[in-house]
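The values are calculated or read from the model by the stated rules, or taken from the named source; none is laboratory data. Every value quoted in this text rests on a predicted model; they were computed, and no experiment measured them. Every residue, glycine as well, gets a Cβ built from its backbone with ideal geometry; the counts of neighbours run over all protein chains shown.
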Amino acid sequence: MLRMRSFLPPLLFTLAYAVVSLGVTNSYYQLILTLVPVWAVFGLSWNLLSGYTGLISFGHAAFFGIGAYATALGQIYFDISPWLLIPIAAVLGGIAGLLIGFPTFRLQGHYFALAMLAYPLAILYVFEWLGFQEVTLPIKRDAPIAYMQFADPHLYTLLGLALMLSTIVLTQIIERSRFGMALLAIKQNEAAAEAAGINTLAWKLRAITLSGAIAAAIGGFYAQVLLVVTPASVFGMLVSAQALTVAMFGGVGTVWGPVIGSVILIPLAEILHAEAGARIPGIQGVIFGIAIVCVILLAPEGLFWKLRDLLRKRNAKATASDTVATVAANVTTLRPASPRPATGEVVLEVRNLSRSFGGLKAVQDVSFKLHKNEILGIIGPNGAGKTTLFNLLNGFLKPSQGEVLIGGRDMSGQRPHVICEAGIGRTFQVMRPFLRMSILDNVVVGAYVRARTDDQARQFAADAVARVGLSAVANRVAGELSTKELRLMELARAIAGQPRILLLDETLAGLGHGEADEVVAVIQQLARDGMTIAIIEHTMQAMVRLVDRFLVLDHGAVITEGLPEVVTRDSRVVEAYLGKKWAGHAAN
């Protein structure tokens, strides 16, 4: 029922737009009303890739133009109806997206954006070289409906609105699914998404394939509306810029952003072009440029997010004090059960693991075993190689040599999402929350690695949130949380995937004494519930009462390992890490 209600606003908007368009008699204004849903759909296709993954595409005109030319040339050379050609164009656009995405996703940031820009420009020159400088669709007076050549221009608007409504509904479905959650996680922190078990390359390829299909389909419809196709009009830089602009102006990473941008910018640009285009050539480009500048200065993520944030801030002031007190109460009510001793089963074995960066040996010939139900503390001075070791264990770095055996299987060199699937969860020294998501949605991302359905993922996530004491504030946005709440949320995200082994990288960093005690209580409870844990931490007072065994690193090598009471009195450990003050404290 709740999901059906979410489809009501776009349906009402579409109906209202249709009623307004039916009252317009001027043919030029009617054309503008048709172009608004066209560019809204194109903006939604761009948004599906760039808005949700954060990889900015300057080359979406490649897909748009492929769809336009496929529809035009299919009618000219094969006499095929556009009702069939538009779905064919969508298939071609999807294939083009897959072929373009696979090599281009190796790039990041502005390199990706510039590489995408090259594709429509290259295709533009190819079509000009082939002699398709201007392609006019044949007039079919004997079967106008079959060839989508309507005498009443209102029908084009209604068909465009139908395509827009379908795309909005599809985007809403994706946004609430594993697909959309994976894309949003990739956008906000790709490393954390990989660590949570998301195959980022596979999901990005799915996104660009579907994005290319939608862009090509609306490009095919655009050709039917104008009846003339030129390389510049469908492959030109302004085409890609319009998709980017309407989405950015309205709000990236949201269903309504491209629609808002199209409703405001397209009529403005078209009317000014008609009124002042002769005196100011390129006025459309000027309008889109001004829109981008205004967005960057006033609302960097678009109008939708600006208005939403203002409303959230107003509501947050009224509830902040109550929710903080609730979190503290929930956490401190955790009471550990009787401890479960480590068993003889080895769940993780590291053999002669090494990693060098040029001449620097960050990890040198490290070997150790982690037993089921054990808490292993990994300590050492700054620069000892602790975080590098964790990055080797869960796939962010490939070892120069050595093995990482998980359940007896060598997983060294595998990608993070593969290692997460094998049963290793991870938190980070520098927190990596998905700031635009709620606590629950952050944790749902971690649950997908083990859940078979969306409902099961939400159940796993709700259980994990409850285990760390955040159930009462599960719907708060991560960007509004305190350091302690973020640490607990990341811990919940790591355990939502039901890992066999949990790697905690300085989970107590940035916490006050009382807050650290609360987080330690949660970790102790996880251990008593059967979780196997390896933890890096500098707070020795907490570590001594938390861990079963220490592994001590210095300059990337293991200098000793053993029980806390033995290791903390080892002269090598005192000299390398703990210092004379600790030695005096231990003696007392």
Filtering segment 474-498 down to residues that are surrounded by 24 or more Cβ atoms within 10 Å (Cβ to Cβ) and either under 22 Å from residue 452 (Cβ atoms) or of a type outside the set (D, E, K, R) (or both) yields 488, 489, 491, 492, 493, 494, 495, 496, 497
Checked segment 503-555 for anything among the small types (Gly, Ala, Ser) and within 33 Å of the chain's Cα centre (by Cα); matches are 509, 510, 512, 516, 521, 527, 530, 534
Review point. Quick one: is residue 239 in contact with a Ser or Thr (Cβ under 8 Å, 6 or more places away or on another chain) and either assigned to a loop (DSSP other than H, G, I, E, B) or within 24 Å of residue 16 (Cα to Cα) (or both)?
Key: no
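Which residue, of 212, 220, is under 22 Å from residue 95 (Cα atoms), in contact with a Pro (Cβ under 7 Å, 6 or more places away or on another chain) and outside the structural domain of residue 448 (by TED's automatic domain parsing)? It would help to see each step written out before you state the result.
On the way: 212 fails: in contact with a Pro (Cβ under 7 Å, 6 or more places away or on another chain).
Testing whether each residue is under 22 Å from residue 95 (Cα atoms), in contact with a Pro (Cβ under 7 Å, 6 or more places away or on another chain) and outside the structural domain of residue 448 (by TED's automatic domain parsing) leaves just 220.
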**Message:** Looking for something surrounded by fewer than 17 Cβ atoms within 10 Å (Cβ to Cβ), in contact (Cβ under 8 Å) with a residue 12 or more places away in the chain, of a type outside the set (Gly, Ala, Ser) and not assigned by TED's automatic domain parsing to the domain that holds residue 364 - is there at least one such residue anywhere in segment 552-561?
**Reply:** no
Scanning segment 80-99 residue by residue, the ones that are touching a helix residue (DSSP H, G or I) at 6+ places or on another chain (Cβ under 6 Å) and in contact (Cβ under 8 Å) with a residue 60 or more places away in the chain total 11
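Out of everything in segment 450-470 that is part of a loop (DSSP other than H, G, I, E, B) and closer than 29 Å to residue 305 by Cβ, what residue ends up being nearest to the chain's Cα centre (by Cα)? Quick ask: steps written out before the conclusion?
Taking segment 450-470 as the starting set, the residues that turn out to be part of a loop (DSSP other than H, G, I, E, B) are 450-453, 468-470.
Those still in the list that are closer than 29 Å to residue 305 by Cβ too: 451, 468, 470.
Working: 451: 19, 468: 24, 470: 23 Å.
Filtering first and then ranking leaves 451.
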Some residue of segment 178-186 being over 16 Å from the mean Cα position of the chain (by Cα) and aromatic (Phe, Trp, Tyr): no
Checked segment 222-241 for anything over 30 Å from residue 145 (Cα atoms) and not small (Gly, Ala, Ser); matches are 237, 238
In segment 403-417, is there at least one residue being out of contact with any Leu (no Cβ under 7 Å at 6 or more places or on another chain), of a type in the set (S, T, N, Q) and closer than 20 Å to residue 358 by Cβ? no
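Just to verify a result, which residue in segment 552-585, among those that are among the small types (Gly, Ala, Ser) and under 20 Å from residue 376 (Cβ atoms), is modelled with the lowest pLDDT? Give the derivation first.
Of segment 552-585, the ones among the small types (Gly, Ala, Ser) are 556-557, 562, 571, 576, 579, 583-584.
Okay, now just the ones that are also under 20 Å from residue 376 (Cβ atoms), so 556-557, 562, 576.
Values: 556: 89, 557: 91, 562: 89, 576: 66.
Across segment 552-585, the extreme among qualifying residues is 576.
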Of the conditions (1) surrounded by 18 or more Cβ atoms within 10 Å (Cβ to Cβ); (2) assigned by TED's automatic domain parsing to the domain that holds residue 16, the single one that residue 239 does not satisfy is (2)
### Query
Does residue 174 satisfy the criteria of being outside any helix (DSSP H, G or I), under 30 Å from residue 425 (Cβ atoms), under 15 Å from the mean Cα position of the chain (by Cα) and assigned by TED's automatic domain parsing to the domain that holds residue 52?
no
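Being at pLDDT 85 or above and in the same structural domain as residue 367 (by TED's automatic domain parsing) narrows it down to one of 546, 470, 526, 488, so name that one.
On inspection, the qualifying residue turns out to be 546.
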If you go through 214, 198, 218, the only one that is outside any helix (DSSP H, G or I), on the phi < 0 side of the Ramachandran plot and touching a residue at least 12 places away in the same chain (Cβ under 8 Å) is 198
inquiry  = Being in the same structural domain as residue 67 (by TED's automatic domain parsing) and without any contact (Cβ under 8 Å) to a residue 60 or more places away in the chain: is that true of residue 179 here?
reply    = yes
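Would you point out the residue of segment 544-576, among those that are part of a loop (DSSP other than H, G, I, E, B) and among the acidic types (Asp, Glu), that is nearest to residue 371 (Cα to Cα)? I'd like the intermediate steps shown before the answer.
From segment 544-576, those part of a loop (DSSP other than H, G, I, E, B) are 547-548, 555-556, 563, 568-570; that's our starting set.
Next, from what is left, pick out any that are among the acidic types (Asp, Glu): 548, 570.
Working: 548: 10, 570: 23 Å.
Only one residue fits best here, namely 548.
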Of (1) within 21 Å of the chain's Cα centre (by Cα); (2) at pLDDT below 95, residue 117 satisfies every one except (1)
